[in-house]
Amino acid sequence: MSLSSRSARLRKWFNRRGWIKITIATPYIWLALFFLLPFIIVMAMSFATRTPTAPPFSFGGDHPVMNTDHYARLFSDDLYIRAYLNSIGNATLATLMCLMIGYPMALGLTRVSRSWRNVLLMLVILPFWTSFLLRVYAWMGLMGTNSWFNKLLTGAYNWIVPSDMALRYIPMMNTGFAVVLVTVYSYLPFMILPLYANLEKLDISLNEAAMDLGSKPFQVFRDVTLPLSVPGIIAGSLLVFIPASGELIIPSLVGSSSRPMIGRVISDEFASARDWPMASAVAVALLLLLVVPLMIYTYYDGKAHEKAQKEAT
Amino acid sequence: MTKLTRRTTLATLGAGLAMPYVRPSWAQSGTVNVYNWADYIGETTLADFEAQTGIGVVYDTYSSAEEMQAKMLAGSTGYDVVDHAGIDMPRAIAAGIYEELDKSLLPNWGNLDTEILRILSGWDEGNKYGMPYMWGSVGFTYNVDMVNERIPDADMTSMDLIFDPENAAKLADCGISILDSPTDIMLMVLKYLGLDGDTTNVEDYQKVVEAFKPIRQYIRTFDNTNYLNAIPNGELCAINNWSGDYATAAGRAAEAGIDMNLAYFVPKTGAPAWVDVMCITSDSPNRENAYKFLDFMMQPEVAAGCTNYTYYANANVPAREFVLQEILDDPAVYPDAETIGRMWAPKPFSEEQDRAITRAWQDIKSG
Amino acid sequence: MSEPATNIGAKVAQFPRAAALAEKEPPFIRVEGVTKRFGSFTAVSSVNLEIRKGEIFSLLGGSGCGKTTLLRMLAGFEDPTEGRIFIDGQDMTDLPPYERPVNMMFQSYALFPHMTVEKNVAYGLKHMDMTASQRADRVREMLALVQLSDFSHRKPHQISGGQRQRVALARALAKQPKLLLLDEPLAALDKKLREATQFELMDIQDKTGTTFIVVTHDQEEAMTLSSRLAVMDKGRIMQTGTATEVYEYPNSKLVAGFIGSINFFEATIRDVRDDVATVDAPELGATVEARAIPGLSPGQPITLAIRPEKLTISRSKPEGPNAISGKVRDLAYFGKDSLYRIELPSGRVLSINSVNSRRVGENERVADWEDAVWLSFDPSSAILLKD
C-alpha cells in the first residue's frame, strides 16, 4: 500500500472516531478547568464577606450577597494604587531592560553558525536547570554588603571618587535596583526565546536587499529587522511583563519593604490579614489590568489584519 | 504571631529529605499524617516513632505560618496532626478545624509544664485543643562588636537602641532588620511606648506607625528568614527575631568558622511570648494513630531530642534532664525568671484589630 | 502578464547593437582574477570577465557552480579572496554594498513585507540626493514601467507572484544603478509567465539602458535573454560568448552537453586538410569529415559531437562523405518535429531531431519502427572537442 493512501486511511479513522474533536477540545477543556474555573471561584470570592470560619468567607448572612466593599477599598485606600503602580513600573523597567539586553543576544544567536547556535541556546536555557529560588539566593549573596562582589564594586567606586565620598559598601540589597536586576536576570530567557524564534525566521536576504539599496547596517536594522521583529518583541515583552507584574518572591527576598508590590499585597491580604475576599479582589483587579489591554490589542490587531485581507481581494 | 517563615532555603532544598519514610509495617498499623514547620523536629524522632509503634509517618512540612493557616482554613487537608501557632488558636477553634483532645488517650499529658499551659490557656481555654510543643520569646539579636563600635556601651535591653532615631542612624550602615510579623513587633512597640500591649483601641496602632516614621529610613529590611544567613555573613547588626533563630544563626556562624559575638535580648519594656501547639484535626482520618503520635511527642527523651536539634525550648518538664546543658544554660532559649517576667501572652485579636494591624503594618513598611 | 510576447524579432534585434558597442568601447565591468574560498572550498576560481555597457550578460551553470557567489561579490555581499572588480573604471572590490552603484534583484525578491509596493520602490531613493517630489516622480515612473501603478498601496502579500517579481525589478531599478544583478529572476514564475516576462525584462533593459548580469541555471532563459553568456562549472568560467557561439561552437564536452542536447562519439583523427579533418569513428561505423579546430594532429584521440537537429534521415544512401546506416529503434512525433532514436551497427543509439516541414499522413513518414535508414550531416555541423 502506498504511503499516501495509508496516511489518508489513518486520517479517516481519526476523523470518524471523533479524535479530531477531542484534539481541538483538549486545550479548551484544559483552559476551562485550570484557568476559567479557578478564576470564576476567585471572582466569586471577591464578592464574599470575610468570616471567622473555615473557609474564612461566606455569602449572604448579615451581609449583602454581592459585597462590593473590597472593590471600593481598592480605590479608597491608596496602598493598592501605589502597589499597582510600583509593580507595573517595576515590570515595565524590567521588560525594557530585558528587551535591551535580550534583543542583541537573540539577534546574535541568529547570526552565528548552527553548531554554535545550539551551544548558545543551551546556555540561555541552562539557568532553568537550577532552582529559581536558589538563583535568587545566589544574587542575595552577591549583593550583600560583605560579599566579595560588593567589596569589589565598592573598591572600584572608592578608587574613582574623592576620599570624602568613599563608601563602606554599595547598598544593593533591599533596593528597587536589586528587584529590577534579579527580575531581569530571571526573566531574560523569556525575552530571548520568542525573539530568537521570530528573528530566526526573518529572511536574511531582506537585510541584504536593504543594504543593497543603500542602507548602512544601522539603517538596515531600523528599517527592516526592527519592524519585522515587532511580533517577537510583543511576545517576549508579554512573557516578561505579565509574570513580573505579579512577582512575589523577588521583591520579598531582595526588594525594599518601602515599595509595596502587588504580589506582596495579595499575599499579605490572603495570609496575614486572612482576608480572602480582599485578596481575591486585588487579584481580579490585577488580572483585569493586565489582560484587558491585551485583549483590546488583540482585537484591534485582528481587525487591522482583516481589513488588510479585505483590501487585497 | 509565632515564628513565621523559618529556613525557607532549607525547606526548599530539603523537601526531598523530608519525604515520608516508607515502611512495610504500615500494612499492619496504618499511618499518621503530620504537618509541621520545616526543620522543626528531632533528627530521629519520626524513625523512632515508627520503630516504637509500627505506624508509618507521612510527614509534610510548611515554611510559612500563613501557608499552613490558609491550607487549614480551606479544609479537607487529610492531615491528622498539625503544628499550629498558639496565638492563632482562638480563630482555629472558632473555625472548627481541630478536635477537642481526649486526655485519657494522652497518658503523658502530665509531663507538660503547667506555666506554659497557663500561658496557652489564654488562647485555648482549659487547654482543650492544643498540646504545647515548643515555646519562646520575641526579641533582638545584636552583633555586639559591630554595635559597640558605633555606640559604645549601648544598652541592648532597651528598645531605645532601635527606636531612638539618633541610635538608629548610627546602626543603619551595619544593618537593622525587623520581623515582618506585625503581631509580634507591633505589640512590642506598644509596650515600649508605654501603652497596653493588648489594647483593643485600633487608634493605638497609629502611634506605632508614628514611632516607626523617624527610624524607617534606617531599617534595611523587614524579614523573617533571610537573617539566618545575613547574620553569619556580618550583614546585619541589629535583628528583631524569634529566640530560637538567634541560636541557629550563631550555630551557622560557628559552623562557617566565623568568630562572632552575638547576643539575644528580650526588651525590658516587655515582649510577647509564643507557644506552638500540636493539634488533631476534626476530620482526622487516623485519629487513633494521631493520639499515639501526640503522646509519643510528650515522652521526655523525644521532647529533649527535638530541642537538642532545633534549639527551641520544649514544654516538657522531665525532658530537661535530657536537654544538652549548653542549651539549658542559654538564656535566649530557656530564659531566666527575670526574663520570663518581661514576657506576656498577647490576647487574641478581633477581626477589626486583625485588619487594622495589617493595614498599619503596610503603612509602616512602605514608610 | 499584461503584455503578450509579441514581435520576438524586434527584441532579438538589439543584440547586434550590443555586439557593435563591444567593438568600440572599453569594458564597463571588469572582473580580474577573482577567486573566492570558503575555508578549503573554492567557490569561484580565477574568474576573468569583461562586460560592455548595456549588455544583458548571463552567468549560466548548475547549482554549486559558483555563479551566485560571483554575483554576490559583484553586489558586495562577499569579499573576493583574490582579484579585483571594476565598474565603470572604478575599483569596487573593497566597497560595502551600500556604496556600490549596483542593485540586485533577489531570487526570493526580498520585498519588505511591512511596506507597501510604493514604499518598497521608494526605499532606495531616500539615500539619494533628491527632493520629495522628485522621489515621488521616480516611484511613479518606475511603477509605470512595470505596469503596477494601480497596486502602489498594496502590501507584497496582497499581490501575485508575477507582480511581486516586477516590484522587485522596479525597486532595483529605481536608483538607476550602473549595473543590475538578477539572481534567477524567473525561477519562481510558472512556465507561461516566465516566457512573457523574459521579453518584458529585455524590453525594460532596452528602455533603461542599464547593464544586466543575470544568474540562471536555465539554458533556454540564458540564450533568449542574453547578449552574451558565460558557462560556469566548479567555480570556473568554461566559455564566454554569444548564445550562437556557445551553442554552435562549444569549446568543451561540458559546455556542449550543458547547452542543448548532443550526441558524443569517441573518435581518432586520421588526417587534417585546411579546415576539414577526417576522423575515424568506430562507434559510427564510418570515417567522417568534420570542421577542424586548431592544434589537431593525426592519431590524436578526440570527441566527435553532433547535435540531433543537424542530422538528416533518409531511406536511401545520401550523397556526400558523412553517411551512416542504422535502424529505427524509437520515434516520437511532436507535431512540429519528430525525435528518432537510431541504433547503429556498433550498438550505440543516436538521437535525431527532424523537422516535419511537409504535411504527411501516418503511412507516409520518412521512416518507421525497425526501418533501415541512412543518416547524414554536413562536415561543418560536426563539432570536434579535445577534452
Exercise. Of the numbered conditions (1) touching a residue at least 60 places away in the same chain (Cβ under 8 Å); (2) within 26 Å of the chain's Cα centre (by Cα); (3) crowded, with 17+ Cβ neighbours inside 10 Å, C:LYS234 satisfies every one except a single condition; which is it?
Worked result: (3)
Exercise. Does the stretch A:194-202 contain any residue that is more than 30 Å from A:GLY246 (Cβ to Cβ) and aromatic (Phe, Trp, Tyr)?
Worked result: no
Exercise. Scanning the stretch C:176-220 for residues that are in contact with a Pro (Cβ under 8 Å, 6 or more places away or on another chain) and part of a loop (DSSP other than H, G, I, E, B), which turns out most open to solvent (accessible area, probe 1.4 Å)?
Worked result: C:LYS178
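Considering every residue within the stretch B:317-325, establish whether at least one is under 21 Å from B:ALA85 (Cβ atoms), in the same structural domain as B:THR44 (by TED's automatic domain parsing) and either open to solvent by 50 Å² or more (accessible area, probe 1.4 Å) or in contact with a strand residue (DSSP E or B) (Cβ under 8 Å, 6 or more places away or on another chain) (or both).
No, every residue in the stretch B:317-325 fails to be under 21 Å from B:ALA85 (Cβ atoms), in the same structural domain as B:THR44 (by TED's automatic domain parsing) and either open to solvent by 50 Å² or more (accessible area, probe 1.4 Å) or in contact with a strand residue (DSSP E or B) (Cβ under 8 Å, 6 or more places away or on another chain) (or both).
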For this session: Report whether or not B:ALA303 is away from every other protein chain (no Cβ under 14 Å) and either surrounded by fewer than 20 Cβ atoms within 10 Å (Cβ to Cβ) or assigned to a helix (DSSP H, G or I) (or both).
Result: yes
Problem set entry | Count of the stretch B:313-341 residues which are assigned to a helix (DSSP H, G or I) and of a type in the set (Asp, Glu) | 3
Seminar exercise, completed: Out of (1) within 23 Å of the chain's Cα centre (by Cα); (2) open to solvent by 70 Å² or more (accessible area, probe 1.4 Å); (3) within 13 Å of another protein chain (Cβ to nearest Cβ), the one A:ILE40 does not meet is (3)
For this session: Please indicate, with yes or no, whether at least one residue in the stretch C:138-146 is away from chain A (no Cβ under 13 Å), out of contact with any Leu (no Cβ under 8 Å at 6 or more places or on another chain) and not hydrophobic (A, V, I, L, M, F, W, C).
Result: yes
Exercise. Of all residues in the stretch A:130-140, which are within 16 Å of A:GLY255 (Cβ to Cβ) and within 8 Å of chain B (Cβ to nearest Cβ)?
Worked result: A:LEU133, A:TYR137, A:MET140
For this session: Write out, first by first residue and then by second, each pair whose Cβ atoms fall under 8 Å of each other, whose residues are 6+ apart or on separate chains, and whose first residue, in the stretch B:338-357, is open to solvent by 30 Å² or more (accessible area, probe 1.4 Å) while the second is in a helix (DSSP H, G or I) and small (Gly, Ala, Ser).
Result: B:ALA345/B:GLY86
Exercise. Touching an Asp or Glu at 6+ places or on another chain (Cβ under 9 Å), within 12 Å of chain A (Cβ to nearest Cβ) and part of a strand (DSSP E or B) - does that describe any residue in the stretch B:234-248?
Worked result: no
For this session: Tell me which of these C:GLN176 doesn't satisfy, since it passes every other one: (1) within 14 Å of another protein chain (Cβ to nearest Cβ); (2) touching a strand residue (DSSP E or B) at 6+ places or on another chain (Cβ under 8 Å); (3) not β-branched (Val, Ile, Thr).
Result: (2)
Problem set entry | Condition broken by B:PHE296, with the remaining ones in (1) assigned by TED's automatic domain parsing to the domain that holds B:SER177; (2) assigned to a helix (DSSP H, G or I) satisfied | (1)
Problem set entry | Residues of the stretch B:62-99 that turn out to be acidic (Asp, Glu) and more than 8 Å from every other protein chain (Cβ to nearest Cβ), as a count | 4
Seminar exercise, completed: Residue pairs qualifying under the 7 Å Cβ cut-off, at least six apart or on distinct chains, with the first in the stretch C:309-322 being in the same structural domain as C:VAL366 (by TED's automatic domain parsing) and β-branched (Val, Ile, Thr) and the second being modelled with pLDDT under 85 and open to solvent by 50 Å² or more (accessible area, probe 1.4 Å), are C:ILE313/C:VAL366
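Among residues belonging to the stretch A:43-59 that are out of contact with any strand residue (DSSP E or B) (no Cβ under 8 Å at 6 or more places or on another chain) and under 25 Å from B:GLY96 (Cβ atoms), point out the one that is surrounded by the most Cβ atoms within 10 Å (Cβ to Cβ). Don't jump to the end; show me each part of the working.
Applying the first criterion (out of contact with any strand residue (DSSP E or B) (no Cβ under 8 Å at 6 or more places or on another chain)) to the stretch A:43-59 yields A:43-44, A:46-47, A:52-55.
Going one step further and asking which of them are under 25 Å from B:GLY96 (Cβ atoms), we end up with A:44, A:46-47, A:52-55.
On the way: A:ALA44: 15, A:SER46: 22, A:PHE47: 20, A:PRO52: 16, A:THR53: 15, A:ALA54: 19, A:PRO55: 15.
In this case the residue turns out to be A:SER46.
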For this session: May I ask you to verify whether C:GLU118 is at negative phi, surrounded by 15 or more Cβ atoms within 10 Å (Cβ to Cβ), more than 13 Å from chain A (Cβ to nearest Cβ) and of a type outside the set (A, V, I, L, M, F, W, C)?
Result: yes
For this session: Hey, can you tell me all the residues within the stretch B:196-221 that are among the hydrophobic types (A, V, I, L, M, F, W, C), out of contact with any Leu (no Cβ under 7 Å at 6 or more places or on another chain) and within 22 Å of A:ALA273 (Cβ to Cβ)?
Result: B:VAL202, B:VAL209, B:PHE212, B:ILE219
Exercise. Which pairs do you get when a residue that is over 18 Å from B:VAL138 (Cα atoms), found in the stretch B:321-333, comes within reach of a residue that is open to solvent by 100 Å² or more (accessible area, probe 1.4 Å) and in a helix (DSSP H, G or I), reach meaning Cβ atoms under 7 angstrom, with the pair 6+ apart or on two chains?
Worked result: B:PHE322/B:GLU301
Exercise. Hey, any hits in the stretch B:255-267 for a residue that's of a type in the set (Asp, Glu) and either at pLDDT below 90 or not in a helix (DSSP H, G or I) (or both)?
Worked result: yes
For this session: Output yes when any residue across the stretch A:171-186 is buried (at least 19 other Cβ atoms within 10 Å of the Cβ), facing another protein chain (nearest Cβ under 9 Å) and either at pLDDT below 95 or within 30 Å of C:PRO177 (Cα to Cα) (or both), and no when none is.
Result: yes
Exercise. So which residues in the stretch C:98-109 are crowded, with 24+ Cβ neighbours inside 10 Å and either facing chain A (nearest Cβ under 7 Å) or among the polar types (S, T, N, Q) (or both)?
Worked result: C:ASN103, C:MET104
Seminar exercise, completed: If we ask which residues in the stretch A:241-264 are away from chain B (no Cβ under 14 Å) and either out of contact with any helix residue (DSSP H, G or I) (no Cβ under 6 Å at 6 or more places or on another chain) or within 20 Å of A:LEU134 (Cα to Cα) (or both), their number turns out to be 4
For this session: Being acidic (Asp, Glu) and within 14 Å of chain A (Cβ to nearest Cβ) narrows it down to one of C:GLU195, C:GLU220, C:GLU184, C:GLU200, so name that one.
Result: C:GLU184
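Out of curiosity, is B:ASP196 of a type outside the set (Ser, Thr, Tyr), within 14 Å of chain A (Cβ to nearest Cβ) and within 17 Å of B:LYS347 (Cβ to Cβ)? Step through it out loud before you land on a result.
Details: of a type outside the set (Ser, Thr, Tyr): yes; within 14 Å of chain A (Cβ to nearest Cβ): no; within 17 Å of B:LYS347 (Cβ to Cβ): yes.
No; evaluated as a whole, the condition is false for this residue.
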Problem set entry | Residues being more than 24 Å from B:CYS174 (Cβ to Cβ) and open to solvent by 40 Å² or more (accessible area, probe 1.4 Å) - total across the stretch A:128-161 | 7
For this session: Read through the list (1) open to solvent by 20 Å² or more (accessible area, probe 1.4 Å); (2) of a type in the set (Gly, Ala, Ser); (3) within 14 Å of chain B (Cβ to nearest Cβ), then give the number of the only condition that A:GLY302 fails.
Result: (3)
For this session: Could you check, for the stretch C:223-231, whether at least one of its residues is part of a helix (DSSP H, G or I) and over 13 Å from the mean Cα position of the chain (by Cα)?
Result: no
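The values are calculated or read from the model by the stated rules, or taken from the named source; none is laboratory data. Just so it is clear, the structure is predicted and the values come from calculations on it, not from any experiment. So basically every Cβ, Gly included, is an ideal-geometry build from the backbone, and we count neighbours across all protein chains shown. We work out accessible area using only protein heavy atoms, side chains counted, and drop any ligands, DNA or RNA first. Shrake-Rupley method; radii C 1.70, N 1.55, O 1.52, S 1.80 Å.
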